[in-house]
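Written out below as structure tokens is the structure these notes cover.
The values are calculated or read from the model by the stated rules, or taken from the named source; none is laboratory data. These figures come from a predicted structure and were not determined experimentally. Cβ coordinates were reconstructed from backbone atoms using ideal geometry, including for glycine residues, and neighbour counts include every protein chain displayed.
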Amino acid sequence: MILGQVVGTVVATIKDEQLAGEKLLLVQLMNRKREKIGRPQAAIDVVDAGQNDFVFLVRAREAALATYPVVGPVDLAIVGIVETADALENVELELTEGDSYFT
């Protein structure tokens, strides 16, 4: 899973019919220090997250399955809203730009 923060909304009036009615948000990926990683990305929202919420996301097939029973063309999905996140100093949570098993 990936940590991020909602930084905006995405409006797409024309999109794949499997995504009709689905909410799209712009998410900034972040490391454990809440530092930005890369550029903001569009994600489908299945948990009704809002502006500035810290969220966790999944990629690839897991993201597509988040919209079950309709499995559409989704690569990044918000699947939870983070209330708190604590880590020991020696725990590595960072996802650096380009790090992904799927890209």
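Taken over segment 44-61, the criterion of being surrounded by 14 or more Cβ atoms within 10 Å (Cβ to Cβ) and closer than 21 Å to residue 84 by Cα is satisfied by 45, 46, 47, 49, 53, 54, 55, 56, 57, 58.
Residue 49 - would you say it is part of a strand (DSSP E or B), modelled with pLDDT of 95 or more, in contact with a strand residue (DSSP E or B) (Cβ under 7 Å, 6 or more places away or on another chain) and not β-branched (Val, Ile, Thr)? No. Would segment 64-74 turn up any residue that is among the small types (Gly, Ala, Ser), in a loop (DSSP other than H, G, I, E, B) and at pLDDT 60 or above? Yes.
Residue 8 meets each of the listed conditions (1) in a loop (DSSP other than H, G, I, E, B); (2) touching a Pro at 6+ places or on another chain (Cβ under 8 Å) apart from (1). Looking at residue 25, is it surrounded by 14 or more Cβ atoms within 10 Å (Cβ to Cβ), under 13 Å from the mean Cα position of the chain (by Cα), of a type in the set (A, V, I, L, M) and under 30 Å from residue 69 (Cβ atoms)? So residue 25 passes the test.
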